[in-house]
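**Student:** Just passing along the structure, written as structure tokens.
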Amino acid sequence: MIRKTRLYTPGPTPLLPAAQFAMAAADIHHRTAEFRTLFQKVLAQLKVFVGTKNDVLLLSSSGTGAMEAAVTNLTSPGDRVLVLTAGKFGERWTGLVKAFGCEPDVVTAPYGQTFNLAQIRAALKPEHKAVFVQATETSTAVRHDIEAIAKLIKEANSQALLIVDGITGLGTTHFDVDGWGIDVLIGGSQKAVMIPPGLAYLSVSERAWAAMETTKNPRYYFDLRKERKNAVKGESAYTPAVALVAGLGAALDYIAGQAGGDLEKGRIALVNNAQVNAAATRAGLTALGFTLFAPTAPAAAATAVAVPEGMDSGAVVKALKSRFALVIANGQGEMQGKIFRVAHLGFFDYLDTVALLGAMEHIAKDTLKLPVVYGQAIEAAQRVYAEAAKQ
């Protein structure tokens, strides 16, 4: 039988065909009027996509490059900072701030859970220069309540900058960047914007810009002040990933086109799409007898599922790929072999969810020996979709 490869990983995600065409045709030099026009257009679109009036910058790097830029531009050696970590990417913040000489106080939550706000409140100190957190912890498919964390920081009269890794949160979660007071919000190209890895983008508040004038950590390639200065002219400080910028412009045009050309409404529709697909997937998998790994704070970017004791989640990953050419993600780090993860962000529609659940019915029955009745996962998903379609 024909097997069509389907990618359900939380990055890279399926590529948008229009973006692929735009990248293939992007044989332009980056110091020309043609590229400057494109670059300025994309930067303006990114402000709408992020949902902010703050500057949004574009870096030729993975999302981790923007995470590093946030640390190097906004801290000095010896600074006390607060890191909120509940998974592998929260742990990345801890590693980054230590690499640049900061002194982190760390609030942790168990894998699969989110933070206790009282614990954060108790840990937050007047001397903290910044708070680092994920919007979505991709390694465990947990969504953190950024609005509540931002409110807590304000209520404490803290001057700490709030720096949020939204790499899988953007396009799957509704943010009020300016209203909540997020100082830096980071995104990545291989996630909800449906193009290959290689670009990171981040919004930067005026408070953050002011802080950069006094911070002392070294920076060169990731000097955000250089990028801001050059962006006004429609240029990047260094050679940009031209084809990816063209692809990003096409992807943002596509998102706007899903709402009659209104990018803000298109962004909202993209988030809602991810949330419906995530809810339908959770309903379908639990109907098959699976246990959700993050039941109390599930993300819309991806769903994490625990496998029964004594079973390796890699067996599910391998069975889906070998039988259906369907690619999902195993757990990361200490969760490898214990959970599998299914993505919903970006270029996924409801019929992709149906396809996944149809395949999972066979794997659950034949590989995991669960008492499956064909159609039970899809029926549960259909009910979620039907309810959402009424709204």
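**Student:** Every residue in segment 72-91 that is buried (at least 19 other Cβ atoms within 10 Å of the Cβ) and either in contact with a strand residue (DSSP E or B) (Cβ under 8 Å, 6 or more places away or on another chain) or without any contact (Cβ under 8 Å) to a residue 60 or more places away in the chain (or both), please. Full working, then the answer.
**Tutor:** So the first thing to find is which residues in segment 72-91 are buried (at least 19 other Cβ atoms within 10 Å of the Cβ), and the list is 72-75, 79, 81-87, 89-90.
Across segment 72-91, the qualifying residues are Leu74, Thr75, Asp79, Val81, Leu82, Val83, Leu84, Thr85, Ala86, Gly87, Phe89, Gly90.
**Student:** I'm told Ala302 meets every condition in (1) in contact with a strand residue (DSSP E or B) (Cβ under 6 Å, 6 or more places away or on another chain); (2) surrounded by fewer than 21 Cβ atoms within 10 Å (Cβ to Cβ) except one. Can you identify the failing condition by its number?
**Tutor:** (2)
**Student:** Can you run down the residue pairs with Cβ atoms below 8 Å, 6 or more apart or on separate chains, where the first is in segment 15-34 and in contact (Cβ under 8 Å) with a residue 60 or more places away in the chain and the partner is among the aromatic types (Phe, Trp, Tyr) and outside any helix (DSSP H, G or I)?
**Tutor:** Leu15/Phe347; Leu16/Phe347
**Student:** Just to check your reading of the model, which residue among Phe340, Phe293 is closer than 24 Å to Thr173 by Cβ, of a type in the set (Phe, Trp, Tyr) and either touching a residue at least 40 places away in the same chain (Cβ under 8 Å) or out of contact with any helix residue (DSSP H, G or I) (no Cβ under 9 Å at 6 or more places or on another chain) (or both)?
**Tutor:** Details: Phe340 fails: either touching a residue at least 40 places away in the same chain (Cβ under 8 Å) or out of contact with any helix residue (DSSP H, G or I) (no Cβ under 9 Å at 6 or more places or on another chain) (or both).
Criteria check complete, one pass: Phe293.
**Student:** While we're on this one: Taking Ala148, is it of a type in the set (A, V, I, L, M, F, W, C) and part of a strand (DSSP E or B)?
**Tutor:** Details: of a type in the set (A, V, I, L, M, F, W, C): yes; part of a strand (DSSP E or B): no.
Criteria not met by Ala148.
**Student:** Moving on. Collect the residues in segment 297-312 that are over 23 Å from Leu270 (Cβ atoms) and either modelled with pLDDT of 95 or more or in a strand (DSSP E or B) (or both), keeping them in residue-number order.
**Tutor:** Taking segment 297-312 first, the residues over 23 Å from Leu270 (Cβ atoms) are 305-312.
Listed by number, the residues that qualify are Val305, Ala306.
**Student:** Return yes when Arg207 is modelled with pLDDT of 95 or more and assigned to a loop (DSSP other than H, G, I, E, B) and no when it is not.
**Tutor:** Values: modelled with pLDDT of 95 or more: yes; assigned to a loop (DSSP other than H, G, I, E, B): no.
Against the criterion (modelled with pLDDT of 95 or more and assigned to a loop (DSSP other than H, G, I, E, B)), Arg207 does not qualify.
**Student:** Test each condition in (1) of a type outside the set (Lys, Arg); (2) in contact (Cβ under 8 Å) with a residue 24 or more places away in the chain; (3) closer than 22 Å to Gly333 by Cα; (4) not in a strand (DSSP E or B) for Gly95 and report the one that comes out false.
**Tutor:** (2)
**Student:** When you look at Ala192, is it among the small types (Gly, Ala, Ser), crowded, with 24+ Cβ neighbours inside 10 Å and assigned to a loop (DSSP other than H, G, I, E, B), yes or no?
**Tutor:** Working: among the small types (Gly, Ala, Ser): yes; crowded, with 24+ Cβ neighbours inside 10 Å: yes; assigned to a loop (DSSP other than H, G, I, E, B): yes.
Yes, satisfied.
**Student:** Please pick out the residue among Gly266, Gly247 that is buried (at least 19 other Cβ atoms within 10 Å of the Cβ) and either touching a strand residue (DSSP E or B) at 6+ places or on another chain (Cβ under 8 Å) or in the same structural domain as Ala377 (by TED's automatic domain parsing) (or both). I'd like the intermediate steps shown before the answer.
**Tutor:** Values: Gly247 fails: either touching a strand residue (DSSP E or B) at 6+ places or on another chain (Cβ under 8 Å) or in the same structural domain as Ala377 (by TED's automatic domain parsing) (or both).
Sole residue among the options that is buried (at least 19 other Cβ atoms within 10 Å of the Cβ) and either touching a strand residue (DSSP E or B) at 6+ places or on another chain (Cβ under 8 Å) or in the same structural domain as Ala377 (by TED's automatic domain parsing) (or both): Gly266.
**Student:** Another question about this same structure. Please specify each residue of segment 11-49 satisfying the condition of being part of a loop (DSSP other than H, G, I, E, B) and more than 19 Å from Leu202 (Cα to Cα). Break it down into steps so the answer makes sense when it comes.
**Tutor:** Here is the first cut: in segment 11-49, the ones part of a loop (DSSP other than H, G, I, E, B) are 11-16, 25-32.
Correct list: Thr13, Pro14, Leu15, Leu16, Ala25, Ala26, Asp27, Ile28, His29, His30, Arg31, Thr32.
The values are calculated or read from the model by the stated rules, or taken from the named source; none is laboratory data. Note that this is a predicted model, so its numbers are computed, not measured. Cβ: placed from backbone, ideal geometry, glycine included. Neighbour counts: every protein chain shown.
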